[in-house]
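Participant: I have a structure here, written as structure tokens, and I will follow up with some questions on it.
Throughout, read-outs are computed from the coordinates displayed, never taken from laboratory work. Not measured: the values here are computed from a predicted model. Cβ sites come from the backbone with ideal geometry, for glycine too, and all protein chains shown count toward neighbours.
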Amino acid sequence: MKPGRALKLTVALGAAFAIGLVAAVKAIDLKAYKLQIAQRVEALTGRDLAIAGPLELRPGLPPMLVARGVTLSNPPGASRADMIKVARVEAEVALLPLLKREIRVRRLTFVAPDILLEGSGRGGGNWHFTSAPDAPQGRIATTRFDLSEVRIKNGRLAWRDAATGAGDSVNLHKVSVQPQQTGAAGLNLRVVGDHLSRDFEITGRLGTVEQAEGGKPWPLQLNAAMAGMKASAQGTVLAPLAGSGFDLKLSAQGDDFAEVLRQLGFDEAIRRGAGGPFRFAARLGDGDGRPGLSEIDAAFGRRDQGLVSAKGVVRDLPAGAGIELALTYESDGLAALSPLAGLALPATAPLKAAATLRGGGGAWTLADLKAGLGGSDLAGTLDIDLNGAKPRLRGQLTSAVLVPADILAPRPGDRPERRPLPSGAVLPEATLSLQVGRLPLGAATLSDLAADIRVGPGRIALSPVRAVLAGGTIRGGATMETAASGVSARLAVTGGGIDFGRLLREAGSEAVEGGAFEFRLQAGGSGADLASALAAASGQGWLGVTEAKVAAGDGGTEPGRTVLAALAPLAGEDGIAVLDCAGLRFALKEGIADAGSGIAAEGPMGALSGGARFDLRAGTLALDLAAAPRRPGAASGCRALSRDLPGR
């Protein structure tokens with residue numbers, strides 16, 4: 001055959017083919033086909049499918065069937081009329097079957113779909129469909145799906161809890177589902193999108209539609225990546241079309257757990273202090289009919305910011321119930337808790353804590369709590385109630401030894417920070433009972449302490465406080481309030497029946513024998529942090545001793561030696577000063593206790609009166625006392641000092 005005749009024959013065949021294709025397209029009743037599509041979808045889902053515009057079958061290579069304004073209705077009671085809205089659906093069809101009036105779809109593209117998944121509680125949702133009776137079928141084009149790809153362009157996927165109104169959404173830039181090229185039964189998936197302005201990509205393999213309908217475990221393997229984090233899911237789903245029969249291993253890790261909380265919708269107050277790397281592993285299943293997590297092994301943070309780990313189960317994931325997690329916490333010191341507490345806590349010795357978290361919904365219990373900080377320990381149980389407008393915490397705590405210096409004092413070499421406090425603590429409102437076996441307070445030690453602790457927004461109160469001190473009792477209370485400008489603290493305490501000699505012996509001094517000691521103190525101060533507030537404290541107080549013997553000696557400390565020297569005029573030949581009574585009334589201002597003329601001491605050998613100035617920060621004492629003979633029948637000067645003290 002000559003080239004010219006071959007070319008003419010090719011052109012003639014092409015023209016005949018094009019004419020046949022156009023004739024085949026015109027022979028298909030697209031109006032009837034549109035109705036058939038809607039009827040078949042309704043039969044499968046029980047929902048209404050609407051196509052706003054006419055169907056178009058565009059000739060070309062390949063031919064394309066186009067539908068515009070496609071919607072799938074929501075069930076009654078949903079927040080909007082349509083579950084799915086699609087601007088345009090494009091179906092590429094095979095050429096040769098079309099000549100026989102058969103539509104065989106090869107590629108399906110959804111352009112600008114808007115999908116809303118809406119949960120109705122108790123595991124229900126608008127993604128659960130109920131089939132309807134098969135729709136009647138006319139004599140129209142046969143349709144078969146031989147898909148090489150399903151695509152989504154510029155879509156949006158949203159989900160919403162109908163009960164609470166809470167929800168979220170992601171933008172789907174590109175979604176592609178294709179059969180595996182290796183001949184294995186399965187589909188390749190790729191999703192590119194963004195959430196809260198952070199791009200993400202999901203890739204993996206899924207089982208086929210035939211496998212999903214066959215009743216056998218449907219394989220799933222997904223990998224997700226976002227800047228600074230990645231996650232994976234691998235396993236099977238027994239009934240993927242019903243959304244049940246999960247058996248998946250989950251894992252995730254990343255650089256910043258606070259960003260994960262932001263992506264999950266937690267507010268800034270909860271994210272505060274939750275920075276640092278994280279890892280998570282668990283198994284997702286629903287063997288008892290409820291999706292849950294088992295074999296949980298998770299951790300987030302760093303020791304300098306606080307390191308939290310958790311192991312255990314969540315038996316009912318949708319309801320957030322049936323939770324039992326063994327928790328541990330470690331940090332280099334209390335300062336790591338400053339962002340969470342809303343307080344500028346000091347750098348201290350390392351902190352370790354462990355507990356078991358049980359419960360779900362709005363009721364939680366933190367059981368078997370054990371914590372250690374320096375030489376201090378703490379144990380007990382806490383109940384957390386989240387059902388009200390604000391979280392509430394109740395509990396009972398015990399401590400064998402609680403050392404305030406472990407909590408308040410920075411470690412050697414650390415300098416207390418002087419910076420504005422973060423505003424707004426996230427600590428819940430709390431009511432706690434505390435019992436402490438031993439509470440060392442510098443030279444003195446309290447025992448058998450019992451206190452009620454109340455925590456509110458920016459406020460901590462200890463009242464009432466009861467304790468034993470050297471055989472006597474003390475009672476009182478304290479408050480601390482915080483704001484962005486700093487901390488204010490208040491203290492009111494009284495004590496009586498205290499064995500003064502024993503108190504000093506416990507402090508390392510043998511100078512006093514016997515003596516009934518009592519005192520009263522009211523003070524308060526403000527500062528950038530708690531240490532500054534205590535250093536700037538102002539107030540007033542009184543203390544008195546009766547029936548004591550003071551022996552000569554070095555006094556142990558510089559203030560002690562000063563006091564012993566001042567009592568010398570009351571001592572007998574044996575060097576012992578017998579005190580019938582001694583009293584001191586003082587004013588406290590910015591760390592200076594000033595007694596003015598508020599000192600008196602009386603004994604068989606005479607009386608003393610005068611003033612004193614004690615610098616609490618420097619530990620120095622200056623006395624200005626004058627001795628005089630004791631006049632028979634005269635009123636006691638030391639007892640009179642307490643008469644005008646407020647509250648006396």
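Participant: If packing is taken as the average number of other Cβ atoms within 10 Å across a peptide's residues, how do 616-629, 223-236 rank, most packed first?
Facilitator: 223-236, 616-629
Participant: As a quick test, which of the pairs 85/174; 311/370; 216/249 have an alpha carbon distance above 21 angstrom in this structure?
Facilitator: On the way: 85/174 17 Å; 311/370 17 Å; 216/249 18 Å.
Going by Cα-Cα distance, every pair falls inside the 21 Å limit.
Participant: Tell me, what is the FRET efficiency for residue 453 and residue 387 to the nearest 0.05, using R0 = 22 angstrom and their Cβ-Cβ distance as r?
Facilitator: 0.50
Participant: How many nm separate the modelled label positions at residue 398 and residue 295, each set 7 Å beyond the Cα in the direction of the Cβ?
Facilitator: Here the answer is 3.9 nm between the modelled labels.
Participant: I've got another one for you. For a Förster distance of 35 Å, can you work out the FRET efficiency between the beta-carbons of residue 40 and residue 184, rounded to the nearest 0.05?
Facilitator: 0.70
Participant: Now, a different point. How much length is gained if the chain between residue 199 and residue 433 is pulled fully straight, taking 0.36 nm per residue apart and subtracting their Cα-Cα distance, in nm to one decimal?
Facilitator: Here the answer is 79.4 nm.
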